[in-house]
Each structure stands twice: as structure tokens, then as C-alpha cells.
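Inspection log for the structure reproduced underneath, given as C-alpha cells.
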Number of protein chains: 2
Amino acid sequence: MSSTPPARYAVTPRTTPSRNRDRMRYDRETVHAILDADFICHLAFVSPDGAPVALPMLYARVGDSLYLHGSTGSRPMRDAAEGLRVCATVTRTDGLVLARSGVHHSINYRSVVAHGTAYRVTDPGEHRTALDAIIDHLIPERSADCRPATAKELAQTAVLRLDLEEVAAKARTGGVSDEPEDIDLPYWAGVIPITRTLGTPVPDPGMPTETPVPAYLRRLVQS
Amino acid sequence: MSSTPPARYAVTPRTTPSRNRDRMRYDRETVHAILDADFICHLAFVSPDGAPVALPMLYARVGDSLYLHGSTGSRPMRDAAEGLRVCATVTRTDGLVLARSGVHHSINYRSVVAHGTAYRVTDPGEHRTALDAIIDHLIPERSADCRPATAKELAQTAVLRLDLEEVAAKARTGGVSDEPEDIDLPYWAGVIPITRTLGTPVPDPGMPTETPVPAYLRRLVQS
């Protein structure tokens with residue numbers, strides 16, 4: 001990150017869809033904003049027998065890299081020591097789109113698809129930074145308010161790094177797209193918003209009852 | 001579906017993780033309940049150059065099959081005419097789990113991973129049934145209250161079928177799992193519930209203002 005990164009990711013055949021190209025975005029700001037708005041990605045890789053696999057994983061973005069968290073025993077983590085071809089996809093759903101015609105029903109969504117080679121993080125400093133980033137991505141400010149990982153715990157936790165190079169965002173926003181001749185049909189049409197909400201924190205029963213909810217959690221739940 | 005399906009899906013090496021086996025479920029009831037609780041899956045496949053790809057897709061379950069909706073022009077849809085190896089993964093997030101130690105932070109979630117070969121649906125009757133199922137999975141009862149697809153529209157819409165055979169559910173539920181020696185540490189610990197909410201329907205501006213919101217939509221939004 002010492003040099004200034006370009007404002008847009010390169011457009012490649014892999015990141016150019018055959019349809020709906022108007023929904024694509026390649027600028028870093030949009031890609032980063034979508035990645036920062038979720039915490040679960042689906043990581044696709046090819047298993048040794050040639051079959052595709054997609055697994056959900058926690059992640060965080062740090063600059064132009066994604067850090068992915070998994071068990072040291074899981075297949076992608078074992079296979080990634082020398083580099084594993086992956087595709088990491090993040091999708092947030094924002095609305096149900098009800099058109100007058102069946103085929104124009106859709107959803108509003110924001111997604112990012114990142115292609116590349118993921119590597120297992122081996123540098124202890126980067127390893128710790130990545131785990132803290134994943135915790136703070138779930139719950140901002142939390143990594144400074146819990147017991148840090150020991151060296152042994154770090155060794156038992158695998159983190160993959162995927163540098164963002166071949167990456168694109170795709171989004172559908174706005175209202176209904178009906179055929180002009182369907183506009184007067186007597187069906188309700190419109191959008192139903194979808195929101196994700198964090199509820200009231202449920203304290204662990206083993207905690208003293210007077211333990212206050214930290215300010216960073218109160219802010220998170222209200223946001 | 002004429003014979004009674006088994007109550008459990010077969011356990012295979014592919015559906016047996018190396019860790020956290022206590023989180024796995026293979027019974028049809030659990031697998032179906034998770035599939036029915038979401039409407040976006042991530043479909044992994046291997047592109048012709050050997051690279052893995054994961055794309056978000058709408059889906060619905062009908063019996064022991066998943067129907068996946070995509071553009072006829074998209075790569076997996078074009079490639080699936082003669083069968084495409086895929087992995088379809090569905091993940092719902094239910095809570096942020098804040099442990100006293102950094103490494104035990106986690107999330108509560110429910111996921112299903114289905115492996116198999118997907119085929120493009122070519123039978124017109126099955127095609128229409130699948131599209132209606134996908135609409136009704138997003139919005140129950142909706143397919144009967146919109147304009148049905150024409151034959152031409154059906155031809156422009158691709159649906160894949162993936163039969164559920166090698167499939168498993170994985171879930172984390174419950175509270176914090178801390179090391180016994182960490183229980184008295186002075187950090188807040190507990191679970192923050194995550195819920196997905198449907199908001200007030202936003203009518204399309206082109207609709208007459210007196211158009212009532214249908215009962216099935218009012219029920220959906222209140223549920």
C-alpha cells in the first residue's frame with residue numbers, strides 16, 4: 001500500500017458478464033463499500049477430484065486484500081499453503097422486486113466477486129493483524145476488548161489472504177422493470193425492502209450480572 | 001417422488017468435515033428447513049479454464065430438487081445443457097458470538113452445502129413449475145397473482161435443476177464457548193441476534209394509488 005492504488009480495478013474477460021453490464025462497477029470505492037457491508041463470503045475452490053466447492057467463511061478487508069478465516073483442518077486451508085485458486089463472493093440482499101409479470105420478478109442486491117490465488121498467511125504479525133481485522137469487522141473496536149490470541153492459538157487458526165486484483169461489483173437497485181404493455185395490469189407492483197438488524201445483546205450467563213454492555217456494542221446495535 | 005424418500009441423506013467423504021462434526025446434520029427435515037429459510041444460494045462451478053467461480057442465484061426447493069434461476073447467457077447456464085458439476089451453498093446468519101478470548105469469536109449460522117451435477121431444465125411444464133416455485137419461494141402465493149410467462153419469455157429464462165443427493169447441513173447455535181480459565185476475565189461476552197426483516201412495501205409509482213396491498217404481502221411483511 002505504499003504506492004497509490006488505481007481508482008478502478010482492471011476489467012477482464014472474467015469480470016465482464018454477458019448480460020446486464022450496466023449493473024457492473026469496477027471502482028475501488030464501490031467494491032470496498034460492498035465488502036465492508038457484510039462479513040460472510042462464499043469461497044469457491046476446486047477440490048482435488050476436480051469438483052467445485054463453495055463454503056461460507058468470515059472475512060475482513062484490509063486495504064486491497066481480503067483475509068478469510070477458516071479451520072486449519074479444512075480442505076481449502078490445508079491446500080492453500082502453496083496457493084489455491086479461489087473465487088470469493090459476497091452478496092447482500094436489499095429488496096424483493098415484484099413486477100406485474102412473473103419473469104421480471106427480481107431482487108435488489110449488491111455483490112462482489114473476487115478471483116485470484118489465495119495464500120495461507122504465515123507471518124506472525126500479519127496473522128495477528130488479520131485475525132484482529134476479522135474480529136473488528138464483525139464488531140468494531142472489539143479486538144482491543146477481549147483476550148488476545150496466544151501463540152499456540154494463532155498456530156491453530158488459519159487465515160487466507162486474497163489480494164484484490166481481478167474483482168468486480170454487481171448491483172441491482174431501484175424499482176420495477178416491467179414491459180410497457182404490462183403497466184396497466186391489475187397486479188400490485190413494487191419493492192419490499194430487506195434489512196438486516198442486530199438485536200438486543202444476550203449476555204453469557206457466566207458473566208456477573210452487573211457487567212455493563214460496552215459503548216461500542218450499544219453503538220453497533222443501534223446503527 | 002413416487003417412492004418414499006429416506007429420512008436422511010447419505011453421509012459421504014465429501015459431506016464429512018474434518019472438524020466440528022457435531023455441527024453436521026443429514027436429515028431431510030433439517031436440510032429442507034434451512035433451504036426454505038433463504039432464497040439466495042451461491043453456486044460454485046469450474047470455468048472452462050479450470051478456475052472456480054461462485055455466483056449468487058435465486059432458487060427454490062421442490063421436493064428433493066433445487067431449481068436455480070439464471071440468465072440464459074450466463075456461463076453456468078450455457079455450460080449446463082449436458083450437465084455441470086456444481087456446489088450450491090446456502091447460509092443464513094443468526095448471531096454474532098462474542099467470546100472473552102479473540103479466537104473464540106464466531107457466528108451462529110445455518111448452512112446447507114449440496115454437491116452434484118446440475119442440468120438445464122428443458123421440459124416446458126417443469127420449466128414453468130420451476131419458475132413459479134422460485135417466485136413463490138420469494139413471495140408465497142405470488143405466482144398466481146402476476147402475469148404468467150409467455151412461451152417466448154420462458155425460452156429466454158434458464159433454470160437449472162440440482163437433485164439433492166450429496167447434501168448436508170451445518171449449523172452453530174447457542175452461546176459462547178470460552179476456555180474455562182477465561183470465564184472470569186472482565187470482558188463482555190454473549191450473543192447479538194441477527195434478524196432479517198422485510199419492510200413496508202414501496203408501491204411502483206406507475207400503479208393507481210388506490211391499489212391495495214394484497215393479503216399475502218401483508219402476511220409476508222408481518223411474519
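The values are calculated or read from the model by the stated rules, or taken from the named source; none is laboratory data. Keep in mind that this is a model prediction, so the values were computed, not measured. Note that each Cβ is placed from the backbone with ideal geometry, even for glycine, and that neighbours are counted across all protein chains shown. With ligands, DNA and RNA removed, areas are computed over all heavy atoms of the protein, side chains included. Shrake-Rupley method; radii C 1.70, N 1.55, O 1.52, S 1.80 Å.
Structure notes:
- Calculation over all alpha carbon pairs of the protein assembly as shown in 10 angstrom steps from 0 returns a P(r) of 4, 20, 30, 27, 14, 4, 0 percent.
- Near A:Arg147, the amide H atoms lying under 5 Å from its own belong to B:Ser101, B:Gly102; only residues 5 or more places off or on other chains count, and H is placed 1.01 Å from N.
- Per-copy distances of the B:Gly125 label point, shortest first, in nm (7 angstrom along Cα→Cβ): 6.8
- The heavy atoms of B:Ser106 offer some 20 square angstrom of accessible surface to a 1.4 angstrom probe.
- For A:Arg196, solvent-accessible area (1.4 Å; no DNA, RNA or ligand), Å²: 80 Å²
- Placing +1 on the Cβ of every Lys and Arg and -1 on the Cβ of every Asp and Glu, with no other charges, gives the protein assembly as shown a dipole of roughly 360 debye about its Cα centre.
- Selection from B:Ser177, B:Ser106, B:Val53, by position along the positive dipole direction of the range B:13-196 (Cβ): B:Val53
- The order of the peptides B:160-168, A:86-94 by mean Cβ neighbours within 10 Å, most packed first, is A:86-94, B:160-168.
- Label-to-label distance, nm, for residues given as A:Thr195 and A:Asn20 (7 Å Cα→Cβ offset): 2.5 nm
- For A:Thr200, the point set 7 Å out from Cα toward Cβ sits 2.5 nm from its twins in the other copies, listed from shortest up.
- Cα gyration tensor category, rounded, prolate or oblate, for the range A:54-156 with a/c compared to 1.5: prolate
- Rolling a 1.4 angstrom probe over the protein heavy atoms with all chains in place gives the range A:107-166 an accessible area of 42 Å² per residue.
- Cα gyration tensor, the range A:140-223 - rounded (a/c under 1.5), prolate or oblate: oblate
- Copies compared at A:Pro48 - label distances in nm, ascending, label defined 7 Å from Cα in the Cβ direction: 3.0
- Helical mean residue ellipticity (222 nm; -39500 (n - 2.57) per DSSP H run of 4+; nearest 500) of the protein assembly as shown: -5000 deg cm²/dmol
- The range B:13-196 - Kirkwood radius from inverse mean 1/r over Cα pairs (Å): 18.3 Å
- The range A:28-69 and the range A:83-140 have Cα centres spaced 5 Å apart.
- Computed over neighbours whose Cβ is under 12 Å from that of A:Ser111, the net charge equals +4, Lys and Arg +1, Asp and Glu -1.
- Projecting the Cα atoms of A:Thr157, A:Val31, A:Ala168 onto the charge dipole of chain A (Cβ charges, centred on the Cα centre) puts A:Thr157 farthest toward the positive pole.
- 3J(HN,Hα) couplings calculated from phi for the range A:96-108 with the Karplus curve 6.51 cos²θ - 1.76 cosθ + 1.60 (θ = phi - 60°) are, in sequence order, 8, 10, 9, 8, 6, 9, x, 5, 8, 5, 7, 10, 8 Hz; Gly and Pro show x.
- Rough spin-label spacing in nm, given labels placed 7 Å along Cα→Cβ, for A:Ile183 and B:Ser177: 5.7 nm
- Measuring r between the beta carbons of A:Gln222 and A:Ala144 and using R0 = 22 Å, the FRET efficiency lands at 0.65.
- A full extension of the chain between A:Glu29 and A:Ala7 corresponds to an added length of 7.2 nm, given 0.36 nm per residue minus the alpha carbon distance.
- Label point distance in nm, B:Ala81-A:Ser47, each placed 7 Å from Cα along Cα→Cβ: 2.9 nm
- Local electrostatic count, B:Leu98, Cβ distance below 11 Å [Lys/Arg +1, Asp/Glu -1]: -1
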